[in-house]
Amino acid sequence: MKKNTTKILIAVSVVIVGLVCLYAFLSTRQRNAMADAKLTKVQIALSRDLQKDYPPTVKQVLSYFTELQQCLYNEECTEEEIEQLGMQAWLLYDKELQENNEADTYLVRLKAEVDAFHEAKRRIYRISIASSNNVETFKEDGYEFARISCTYYVTEKGGSGYQDTVFLMRRDENRQWKIYGWDKAANVNMGTETQGSTTGAAE
């Protein structure tokens, strides 16, 4: 009777040890799979489908635009990723701005700007966007416009600096806010109904 009990206890112990080992193996494999599946910042930025999930507010449009910029200028992107990030940003542009920046020439210029940024060893280490309460809206020529300010903090060869920028957006026929242009804050008179710059690239 004692021998049978001992055999049963040994068998149960073996089963328990086996289950513990199996659980540890499966847990480790799951953790490794989750680590492998972790998306990069670039992949996260590109995962947004603007046809189905367009940013609903002025601030959120700018927030996504600057997220794309940080990926372009801070991350080690492939040429394909630069094109994809650039086209995501281009889709946030107003039709007039798109017409002034045809996709092919826009991408060529963008790649050159990214290369120059990296060669100068510059990096955008922070971007501060004004609160939604500080968005300035007005109407002109039958369109709704909005201005929002943004500050870029950049490091370059051991030094650092910042640039205050004002973005101008216009609402399209689908009630979506599109980037109409941007300029240095020093060149823009906030509080007046002038449309400011309609440039296609930050200076």
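The values are calculated or read from the model by the stated rules, or taken from the named source; none is laboratory data. Model, not experiment: these values are computed from the prediction. Methodologically, a virtual Cβ is constructed for each residue, glycine included, from the backbone with ideal geometry; neighbour enumeration extends over all protein chains shown. Accessible surface is based on the protein model in full, side chains and every heavy atom, while ligands, DNA and RNA are left aside. Shrake-Rupley method; radii C 1.70, N 1.55, O 1.52, S 1.80 Å.
Each row is one residue, and each column tells you yes or no for (1) under 30 Å from residue 173 (Cα atoms); (2) open to solvent by less than 50 Å² (accessible area, probe 1.4 Å).
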{"residue": "49", "(1), (2)": "yes, no"}
{"residue": "62", "(1), (2)": "yes, yes"}
{"residue": "70", "(1), (2)": "yes, no"}
{"residue": "88", "(1), (2)": "yes, yes"}
{"residue": "91", "(1), (2)": "yes, no"}
{"residue": "102", "(1), (2)": "yes, no"}
{"residue": "107", "(1), (2)": "yes, yes"}
{"residue": "120", "(1), (2)": "no, yes"}
{"residue": "127", "(1), (2)": "yes, yes"}
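Let's see how each residue does on (1) in contact with a strand residue (DSSP E or B) (Cβ under 9 Å, 6 or more places away or on another chain); (2) among the polar types (S, T, N, Q); (3) modelled with pLDDT of 95 or more:
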| position | (1), (2), (3) |
| --- | --- |
| 119 | no, no, no |
| 124 | yes, no, yes |
| 132 | yes, yes, no |
| 151 | yes, yes, yes |
| 156 | yes, no, no |
| 161 | yes, no, no |
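Need the failing condition index for residue 131 against (1) among the polar types (S, T, N, Q); (2) surrounded by 12 or more Cβ atoms within 10 Å (Cβ to Cβ); (3) within 14 Å of residue 61 (Cα to Cα), just the number.
(2)
Report yes if residue 150 is in contact with a Ser or Thr (Cβ under 6 Å, 6 or more places away or on another chain) and either crowded, with 19+ Cβ neighbours inside 10 Å or within 22 Å of residue 185 (Cα to Cα) (or both), otherwise no. Give the steps one after another, and end with the answer.
Details: in contact with a Ser or Thr (Cβ under 6 Å, 6 or more places away or on another chain): yes; either crowded, with 19+ Cβ neighbours inside 10 Å or within 22 Å of residue 185 (Cα to Cα) (or both): yes.
In short, yes.
For the range 163-182, name all the residues that are at positive phi and without any contact (Cβ under 8 Å) to a residue 60 or more places away in the chain.
Selection gives 175 alone.
Residues that are closer than 23 Å to residue 176 by Cα and free of Cβ contacts under 8 Å to residues at least 40 places away in the same chain: which helices (runs of 4 or more DSSP H) entirely in the range 40-159 hold 3 or more of them?
On the way: elements: 41-46, 58-74, 79-90, 95-100, 103-119.
In the range 40-159, 58-74, 79-90 are the helices (runs of 4 or more DSSP H) which contain 3 or more residues that are closer than 23 Å to residue 176 by Cα and free of Cβ contacts under 8 Å to residues at least 40 places away in the same chain.
Could you please find all residues in the range 109-118 being over 17 Å from the mean Cα position of the chain (by Cα) and either loosely packed, with under 12 Cβ neighbours inside 10 Å or closer than 25 Å to residue 186 by Cβ (or both)?
Of everything in the range 109-118, those that are over 17 Å from the mean Cα position of the chain (by Cα) and either loosely packed, with under 12 Cβ neighbours inside 10 Å or closer than 25 Å to residue 186 by Cβ (or both) turn out to be 109, 112, 113, 115, 116, 117.
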